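Presented below is the structure to which this report refers.
Nothing in this text is a laboratory measurement; each read-out follows from the coordinates by a stated rule. What you see is a predicted model, and the numbers here were worked out from it, not measured in a lab. Virtual Cβ from ideal backbone geometry, glycine too; neighbours counted across all protein chains shown.
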């Protein structure tokens, strides 16, 4: 029996790493008149559906996916959320 | 008196729009042996700090920013969360 999970993964640059895209967006927002905007940082947001025997296994798989492919651990942090979906036979 | 808000913005492709980057990541994960992965979709995640007189104003500013610059409303959806930070004099 397997369980399906809806997974949301957030990949962000480590605070010590410069974010030129964030800086560009911040200056764009300032030019548009949004003067209260500061500290813009851009990251990736990944949604996927994962089938796994149980939640612990799903979390371990997600951690490995992030370390191997989805994030660059040298310059990026990640976190994720799981929501159980349908139970599969 | 102004309030500072920590804002998290999630920009995703509309479900009807093809996501070639998501498909590429999905096939990469399958090749790495993660066979339970489906429906991979890639989006943007933006963090920023916003100073505004009150929460309603902050939300309106965020909606306008998303419509004008952060998202492409033709092919993308967005949602955001606000957390109040320090109260500024």
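What the table below lists for this structure:
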{"quantity": "Only listed residue being out of contact with any helix residue (DSSP H, G or I) (no Cβ under 9 Å at 6 or more places or on another chain) and closer than 18 Å to residue B:48 by Cβ, chosen from A:34, A:45", "calculated": "A:45"}
{"quantity": "Residues being at the interface with chain B (Cβ under 9 Å from one of its Cβ atoms) and part of a helix (DSSP H, G or I) - total across segment A:3-48", "calculated": "5"}
{"quantity": "Residue count for segment A:23-46, restricted to those that are surrounded by 18 or more Cβ atoms within 10 Å (Cβ to Cβ) and under 19 Å from residue A:77 (Cβ atoms)", "calculated": "7"}
{"quantity": "Hey, residue B:62 more than 8 Å from chain A (Cβ to nearest Cβ), touching a strand residue (DSSP E or B) at 6+ places or on another chain (Cβ under 9 Å) and closer than 19 Å to residue A:31 by Cα or not", "calculated": "yes"}
{"quantity": "Every residue from segment B:53-68 that is farther than 12 Å from residue A:33 by Cα and surrounded by fewer than 20 Cβ atoms within 10 Å (Cβ to Cβ)", "calculated": "B:53, B:54, B:55, B:56, B:57, B:59, B:60, B:63, B:67"}
{"quantity": "Checklist (1) under 19 Å from residue A:28 (Cβ atoms); (2) within 11 Å of another protein chain (Cβ to nearest Cβ) applied to residue B:80, failing item", "calculated": "(2)"}
{"quantity": "Residues (touching a strand residue (DSSP E or B) at 6+ places or on another chain (Cβ under 8 Å) and part of a helix (DSSP H, G or I)) located in segment A:66-78", "calculated": "A:66, A:70"}
